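Undergrad: Before I ask anything, let me first share the structure, which is written out below as C-alpha cells.
The values are calculated or read from the model by the stated rules, or taken from the named source; none is laboratory data. Since the model is a prediction, treat every value here as computed from it, not as a measurement. With ideal geometry, Cβ positions are generated from the backbone for all residues, glycine too; neighbour counts draw on all protein chains shown.
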Amino acid sequence: MATDIAFVIGIMALLGDRVPLGPKVFLTALAIVNDIAAVLGLPLPYALLGIALWSAVLHSGVHATFAGVILALTIPTRTQLPPPHFSTRSEPLSSAWTTAPIARKCSLGGRL
C-alpha cells in the first residue's frame, strides 16, 4: 500500500465519525486495487515469456516441462545494483506508476 494512502486512512480512522463513509471505502478500495496491481504487474513479463516459451517447446515436439525448467533458469536470483542505487533508480518508475491514475483523475476535475 502506498504510504500516503495508509497515512490518510489512519488519519480518517482517528477522526472517526467526522469523516463520511464514502471516502473511507474509496481509499481502502484504492489501496487494495493498488496492491493487487503491483502484485500482478511484477511477474507479467515472466508470465508472457513463459507462455510463449511453453507454446514453442510444445510445438517443437519436446516435452513442455522443459519450458518450465528453461524459464526458471532465466529468473534472476541476485540484483545487479547495490540497494542504494536500486532504490534511487527505481523510485521514478514506481512513483509514476502509482501517482499517474490519481493525477489523471484530478486533471479531469474529479470525474472518471
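Undergrad: For L14, are the conditions met, namely being on the phi < 0 side of the Ramachandran plot and either in contact with a strand residue (DSSP E or B) (Cβ under 7 Å, 6 or more places away or on another chain) or modelled with pLDDT under 85 (or both)?
TA: No: the conditions fail for L14.
Undergrad: Just name the residue that is modelled with the highest pLDDT out of those in the stretch 27-46 that are farther than 21 Å from M12 by Cβ and loosely packed, with under 11 Cβ neighbours inside 10 Å.
TA: Once the filter is applied, the top-ranked residue is I36.
Undergrad: So which residues in the stretch 53-112 are at pLDDT 75 or above and on the phi > 0 side of the Ramachandran plot?
TA: Answer for the stretch 53-112, where residues must be at pLDDT 75 or above and on the phi > 0 side of the Ramachandran plot: just G61.
Undergrad: Continuing with the same structure: Determine whether D17 is assigned to a helix (DSSP H, G or I), under 15 Å from the mean Cα position of the chain (by Cα) and among the charged types (D, E, K, R).
TA: No; evaluated as a whole, the condition is false for this residue.
Undergrad: Can I ask one more? Under 8 Å between Cβ atoms, which residue pairs at least 6 apart in sequence (or on different chains) link something in the stretch 59-78 that is in contact (Cβ under 8 Å) with a residue 60 or more places away in the chain and aromatic (F, W, Y) with a partner that is part of a loop (DSSP other than H, G, I, E, B) and surrounded by 10 or more Cβ atoms within 10 Å (Cβ to Cβ)?
TA: From the stretch 59-78, no pairs qualify.
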